[in-house]
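One structure is given here, and the rest of the page talks about it.
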Protein chains: 2
Amino acid sequence: MSMRTQYCGLTTEALLGQTVSLCGWVHRRRDHGGVIFIDLRDREGLVQIVCDPDQVDVFKNAEAVRNEFCLRITGLVRSRPEGTINNNLNSGKIEVLAQELEVLNPSVTPPFQLDDDNLSETTRLTHRVLDLRRPQMQNNLRLRYKVTMEVRKYLDGLGFIDIETPMLTKSTPEGARDYLVPSRVNSGQFFALPQSPQLFKQLLMVSNFDRYYQIVKCFRDEDLRADRQPEFTQIDCETSFLSEQEIRDMFEDMIRLVFKNALGVDLPNPFPVMEYAHAMALYGSDKPDMRVKMEFTDLTEVMKDVDFKVFSGAANMENGRVVGLRVPGGGAMPRSEIDAYTQFVAIYGARGLAYIKVNEKAQGRDGLQSPIVKNLHDAALTKILEQTGAQDGDLIFFGADKAKVVNDAIGALRVKIGHSEFGKKAGLFEDTWRPLWVIDFPMFEHDEESGRWNACHHPFTAPKDGHEDYLETDPGKCIAKAYDMVLNGWELGGGSIRIHKADVQSKVFRALNIGAEEAQLKFGFLLDALQYGAPPHGGLAFGLDRIVTMMAGAESIRDVIAFPKTQRAQCLLTQAPSEVDEKQLKELHIRLRLPEAKVVS
Amino acid sequence: MSMRTQYCGLTTEALLGQTVSLCGWVHRRRDHGGVIFIDLRDREGLVQIVCDPDQVDVFKNAEAVRNEFCLRITGLVRSRPEGTINNNLNSGKIEVLAQELEVLNPSVTPPFQLDDDNLSETTRLTHRVLDLRRPQMQNNLRLRYKVTMEVRKYLDGLGFIDIETPMLTKSTPEGARDYLVPSRVNSGQFFALPQSPQLFKQLLMVSNFDRYYQIVKCFRDEDLRADRQPEFTQIDCETSFLSEQEIRDMFEDMIRLVFKNALGVDLPNPFPVMEYAHAMALYGSDKPDMRVKMEFTDLTEVMKDVDFKVFSGAANMENGRVVGLRVPGGGAMPRSEIDAYTQFVAIYGARGLAYIKVNEKAQGRDGLQSPIVKNLHDAALTKILEQTGAQDGDLIFFGADKAKVVNDAIGALRVKIGHSEFGKKAGLFEDTWRPLWVIDFPMFEHDEESGRWNACHHPFTAPKDGHEDYLETDPGKCIAKAYDMVLNGWELGGGSIRIHKADVQSKVFRALNIGAEEAQLKFGFLLDALQYGAPPHGGLAFGLDRIVTMMAGAESIRDVIAFPKTQRAQCLLTQAPSEVDEKQLKELHIRLRLPEAKVVS
């Protein structure tokens, strides 16, 4: 005997006249004309239960139930009376006349209404078990599952094999900060939780597994931002004997399929492909939000000889850049909004935000409204108008500084304006899915502080064919076989063709100022593996949390993770992390190192 | 242009006359009659490449290649000459006449031959990347993948949802030892890596997810035995609103399907079901190896009044037990083998191993050969022969001690004899798959040292209907709704119906001597969740590593894990764990606690 014959939310008119058993939670209970109606909820949805006073026991039990009681009901499926049909529900044409009502478990009064949309995150995470009962969270986690299952089916069809890599692995203090795990057996030594299975998946290619994937937890002990968690999930993939193009095509198809099957959305086919240099030139970002219909106009050359020192100074600076951002219709923007944007770009290090309103081009200089026009000579003004394509009624914002500051500030401004009420009204934002590939990343970026080159992607990325010599002669010129998939301003995933020859790998380590001894100590097992006929290989990793967040239209990745941590890396539900016994520390050969005097609060 | 047109191992006569491109590793190279033959290997198998001296460049390259070089070959598929067909290979009817041969990556000489079956585990784990190229390891990991994919498909079809639970969670120092992770942000506090997602999966049931599963890494910092790893993988499942029987049926079907689809093996349908008490009585084990055709005969009553103190003492002892193990045909066992078994049972605490050889029953006492017969009266001897069903030529071993010692020792002896050369010849072992369910476990076992009751399964297991009162009156009598799936003497998985009412959970904590305050501190979030209409729920977890080890016929779970740890919990490939920087420790608010004087070795 089963407790239930089907789900509440799937009880439909197909079962009319049948006796069913249902299990679920009291979503709402109301008395109406001497009859008690219960909306009974399970994961598939609601069904209306009718408790008639004729059924004495049922009615008595029904009077006692409250919201979130867990019930088992047996009853007859019958049509709802004319006029009470609810087309928003699967079960909206029927109701169940209860013949038995068993309270499987009562509930104390919940700390909040499940349909309250204004709960603080602290409340939600503290009472996560109830929060997860909310339809939105149910949908988010089911969507997450659907995404992973679509990924698995797709990769299975292509011969990818899910292979588990270790969680207790070696600390390599480069990149982000590791989570460490003290070893009990090997005193004074530590495991690290993996930041990614990067090296293991490469080793699996050397081991002839040919196609690997894993949907796997990764860990970074970094200060948390809105879209970061200490533990996050990657769809991690690697293949042998495929070109960059073949890998991109394969995973572009995968993402298209996932969006289609899990969300019913058709993404463009093919995705546009954009070079990194192009993306930086036009959008100041390697993950441009292509929904925003504005582009940079590079004015560095134009500004070299203007009187306005902010512009000419930046234009003549090493690594300096001057750009204009034409905002069509922006002339209508009130001063207060421009002021707000000036404060906004300051976050990114911009020391001001010059602009020109184009009132009437035909009037030349007099048709332009701006505090800076007087410091720009006619030729410059002409070129600005020409090159930005500005029309009457437009506004042009300017960025002038080190290229990094300009790109960050004006890139963010572009997105901000695009997403603003103004931007949406002015047609500067297209509310759709705009994926693209960004390719041809530089191998290295120069760290001005240390004077050293850092890997843009990671030190195992292969240089483009013909660029190998730059590793020694001019690292800044060296382009990598790296690629990122970008959607609406978010990096969904990224990867590269890897170095499969030990000598090239050594050259890259040298370019990164990692000496032979250090390389051997940290990456000896990789260098060793590359010597045994390592195949050409490459792959990529997608951020599952981000993909699902975007697909669900959620505000935070915490809304697509069952039990997330707060921004202070705490679990409010279980109170982790917590203090542990001295005995446990002793066994692990560690002791606490706390400030000697602790102030009692 | 793709590097290859298909896999080496899948190049068959269907492609005769076509030009193919193949990538793979030199498995063997031999010169024969002025022609060079290369067996090229990829993950799908071997194909024979023919390098003819007519193709000058190809031949020159082929002369230079050595084992494990990674090659790309383009050539013509042609029939092998009469008499050289190899029916052991998929590609055995054809060969590829090379027209191009590119060395993608050379290889230094491997430290061992891939087909050497006598490598030490240290060698294999140190050179794991090459070890994984061996066909056996390739097969094992592909089988592992196939098992997980079959599980996922089956559970998906039943509406189970894969939901990820945290890896950084709360330490609850009960059960096994936790792996701890120091928190940087919350100084002096620690996360624990999960020993299982037990509580989270129960919370997900309270959250109305209805059916959950996860194939998930779990962690136990225990001293390692042959079948243990610091990190291991569970197929973890939980459902709401199902009975014990329904859950068992559901997962029995799953395992049958997995064996059928991944291994082509038909397991019995249905699995036999055995009560725990019955299993202990007949086999001295809660995971009896049913391939072994021998059972215990309980002789406790029979031995109460014999002169032989070893027997009568045990028979009259509290928790004492005397059993006989009849070994059909065991009379032929040489003394040396009996002596070896005596040493063997000593491992399990047995202080001796009495036996009787039944030479000729008809002769009564004189037909029995044994040092102990003189101390057993006639009635006892008659009952021994009667109750064991011993025949002429049999041997009966005896165990007499505390029940635990008898069960462990004679239970192990039963398996040992069954698996021995003797046992196989004597028909005491059936080489097949013999799964069963063991059910009706006790809720608690008594710890004689502490005088306390411990949970047999875990503290969240529900007592059998009608046994709730025993929680307070007689914990030893309380039977749990717990079940284990056993196969050939290994526990494949186990689970239980969980407690879904807060008051019952509190009673169990009390029975376990966990006070209200301690329960609140450690499990407050569970007790809290149970108050909000927690549904009846239950589930189970399978040990993936073990299942695959059995299916693969592997000797150790390390043979079905890509990158396992040694018994000293080390990774010989990457040298994890390792020492870390002082800076890292400082950030984590810990310091080392090492013996002050370290002896330099």
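The values are calculated or read from the model by the stated rules, or taken from the named source; none is laboratory data. Worth saying up front: this structure is predicted, and the values here are computed from it rather than measured. Please note: Cβ atoms are built from the backbone with ideal geometry, for glycine as well, and neighbour counts cover all protein chains shown.
Worth a mention:
- Among the candidates B:F59, B:F69, B:F37, residue that is closer than 22 Å to A:G533 by Cβ, touching a Ser or Thr at 6+ places or on another chain (Cβ under 7 Å) and of a type outside the set (G, A, S): B:F69
- Test set (1) more than 26 Å from A:M254 (Cβ to Cβ); (2) surrounded by 20 or more Cβ atoms within 10 Å (Cβ to Cβ); (3) within 22 Å of the chain's Cα centre (by Cα); (4) assigned by TED's automatic domain parsing to the domain that holds A:A576 - A:D131 fails condition number: (4)
- B:K60 vs. criteria at pLDDT 95 or above, closer than 23 Å to A:P536 by Cα and more than 14 Å from chain A (Cβ to nearest Cβ): yes
- The number of residues in the stretch A:3-18 being loosely packed, with under 14 Cβ neighbours inside 10 Å and either β-branched (V, I, T) or without any contact (Cβ under 8 Å) to a residue 24 or more places away in the chain (or both) comes to 1.
- Meets criteria (touching a residue at least 40 places away in the same chain (Cβ under 8 Å), among the aliphatic types (A, V, I, L, M) and either surrounded by fewer than 20 Cβ atoms within 10 Å (Cβ to Cβ) or under 21 Å from A:N208 (Cα atoms) (or both)) for B:V26: yes
- Every pair of residues 6+ apart whose Cβ atoms lie under 7 Å, when the first sits in the stretch A:366-392 and is touching a residue at least 40 places away in the same chain (Cβ under 8 Å) while the second is charged (D, E, K, R): A:N375/A:D307; A:T388/A:R326; A:G389/A:R326; A:A390/A:R326; A:D392/A:E360; A:D392/A:K361
- Residue match in the stretch B:199-208 (condition: out of contact with any Gly (no Cβ under 6 Å at 6 or more places or on another chain), under 26 Å from A:Q214 (Cβ atoms) and in a loop (DSSP other than H, G, I, E, B)): no
- Among the residues of the stretch B:146-197, those that are in contact (Cβ under 8 Å) with a residue 24 or more places away in the chain, of a type in the set (S, T, N, Q) and not in a strand (DSSP E or B) comprise B:T148, B:T165, B:T172, B:S183, B:S187, B:Q195, B:S196.
- Check on B:L119, of a type in the set (A, V, I, L, M), under 30 Å from B:A554 (Cα atoms), within 45 Å of the chain's Cα centre (by Cα) and part of a loop (DSSP other than H, G, I, E, B): yes
- Residue satisfying condition, being basic (K, R) and more than 7 Å from chain B (Cβ to nearest Cβ), within set A:R152, A:R128: A:R128
- Residue check for B:L71: under 16 Å from B:C8 (Cα atoms), in the same structural domain as B:R41 (by TED's automatic domain parsing), of a type in the set (A, V, I, L, M) and within 40 Å of the chain's Cα centre (by Cα): yes
- In the stretch B:332-342, the condition of being over 30 Å from the mean Cα position of the chain (by Cα), over 13 Å from B:G399 (Cα atoms), small (G, A, S) and not in a helix (DSSP H, G or I) is met by no residue.
- Residue list for the stretch B:1-46, filter: within 14 Å of another protein chain (Cβ to nearest Cβ) and in contact with a helix residue (DSSP H, G or I) (Cβ under 7 Å, 6 or more places away or on another chain): B:S2, B:L22, B:G24, B:I38, B:L40, B:R41, B:D42, B:R43, B:E44, B:G45, B:L46
- Members of the stretch A:251-274 found to be within 14 Å of chain B (Cβ to nearest Cβ) and surrounded by 19 or more Cβ atoms within 10 Å (Cβ to Cβ), listed by number: A:A262
- Residue match in the stretch A:590-597 (condition: surrounded by 15 or more Cβ atoms within 10 Å (Cβ to Cβ), at the interface with chain B (Cβ under 10 Å from one of its Cβ atoms) and either in a helix (DSSP H, G or I) or not charged (D, E, K, R) (or both)): yes
- Restricting the search to strands (runs of 3 or more DSSP E) fully inside the stretch B:215-314 and requiring at least 3 residues that are under 30 Å from B:V406 (Cβ atoms) gives B:273-275, B:296-298.
- Here is the figure for the stretch A:526-546: residues that are more than 30 Å from the chain's Cα centre (by Cα) and surrounded by fewer than 22 Cβ atoms within 10 Å (Cβ to Cβ) total 3.
- From the options B:L193, B:L180, B:L242, residue that is at the interface with another protein chain (Cβ under 9 Å from one of its Cβ atoms), within 17 Å of B:G159 (Cα to Cα) and surrounded by 21 or more Cβ atoms within 10 Å (Cβ to Cβ): B:L242
- Of the strands (runs of 3 or more DSSP E) lying entirely inside the stretch B:395-463, those containing at least 3 residues that are surrounded by fewer than 17 Cβ atoms within 10 Å (Cβ to Cβ) are B:444-447.
- One residue from B:V129, B:V103, B:V108 being touching a strand residue (DSSP E or B) at 6+ places or on another chain (Cβ under 9 Å) and over 30 Å from A:L158 (Cβ atoms): B:V108
- Matching residues, the stretch B:205-221, being of a type outside the set (G, A, S) and at the interface with another protein chain (Cβ under 7 Å from one of its Cβ atoms): B:V206, B:N208, B:F209, B:D210, B:K217, B:D221
- Restricting attention to the stretch A:449-473 and to residues that are among the hydrophobic types (A, V, I, L, M, F, W, C) and in contact with a strand residue (DSSP E or B) (Cβ under 6 Å, 6 or more places away or on another chain), the residue that is farthest from A:Q198 (Cα to Cα) turns out to be A:W453.
- Among the numbered conditions (1) in contact with a Phe, Trp or Tyr (Cβ under 7 Å, 6 or more places away or on another chain); (2) over 23 Å from B:P536 (Cα atoms); (3) of a type in the set (A, V, I, L, M, F, W, C), the only one that A:A14 does not meet is (1).
- Every condition in (1) facing chain B (nearest Cβ under 8 Å); (2) of a type outside the set (A, V, I, L, M, F, W, C); (3) within 30 Å of A:G24 (Cα to Cα) holds for A:N139 except the one numbered (1).
- Residue satisfying condition, being closer than 30 Å to B:T169 by Cα and surrounded by fewer than 20 Cβ atoms within 10 Å (Cβ to Cβ), within set B:R228, B:R248: B:R228
- Of all residues in the stretch A:131-141, those being assigned to a helix (DSSP H, G or I) and without any contact (Cβ under 8 Å) to a residue 24 or more places away in the chain number 2.
- Flag for B:M303 being under 27 Å from B:G553 (Cα atoms), aliphatic (A, V, I, L, M) and not assigned by TED's automatic domain parsing to the domain that holds B:V147: no
- From the list B:T549, B:T566, the lone residue that is buried (at least 22 other Cβ atoms within 10 Å of the Cβ) and either under 11 Å from the mean Cα position of the chain (by Cα) or of a type in the set (S, T, N, Q) (or both) is B:T549.
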